[in-house]
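Worksheet for the structure shown next.
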Amino acid sequence: MKVLSGSWTAWLSTLALQPRFWLWICLVAALAAVAGVLAEWQRRTTLLALIRNAPAGTVVIQERGRGGPAMHVRVGSSPEATDDGGRA
């Protein structure tokens, strides 16, 4: 076991000394951050579009996203207050 961990740590220390390794780590982290921001922006844009175009009394439920909690939004007043309770 000692031989296996010794070769593994030697490989890792050699890799950590390479400037390209750190460049790739930073690039992957930056791409992950940008993807998270774009995903949350799209999530919020979708929520606003739903609210803007939904009829009164609609309940919009959006599950938890990468950057925010779940949202429950009621558009306008409740349908019971504005019509005959759903009777045709």
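The values are calculated or read from the model by the stated rules, or taken from the named source; none is laboratory data. Everything numeric here is computed off the predicted structure, so don't read it as measured data. FYI the Cβ positions are ideal-geometry reconstructions off the backbone, even for glycines, and counts take in every protein chain you see. The protein model used for the area step is the full one, side chains on, heavy atoms only, and it has no ligands, DNA or RNA in it. Shrake-Rupley method; radii C 1.70, N 1.55, O 1.52, S 1.80 Å.
Given the condition among the basic types (K, R) and under 23 Å from R74 (Cα atoms), answer yes or no: does some residue in segment 18-31 qualify? No. Note on segment 4-33: residues that are closer than 27 Å to G68 by Cβ and open to solvent by less than 70 Å² (accessible area, probe 1.4 Å) total 4. Within the set G76, G36, G57, G85, the sole residue that is open to solvent by less than 80 Å² (accessible area, probe 1.4 Å), at positive phi, at pLDDT 80 or above and not charged (D, E, K, R) turns out to be G57.
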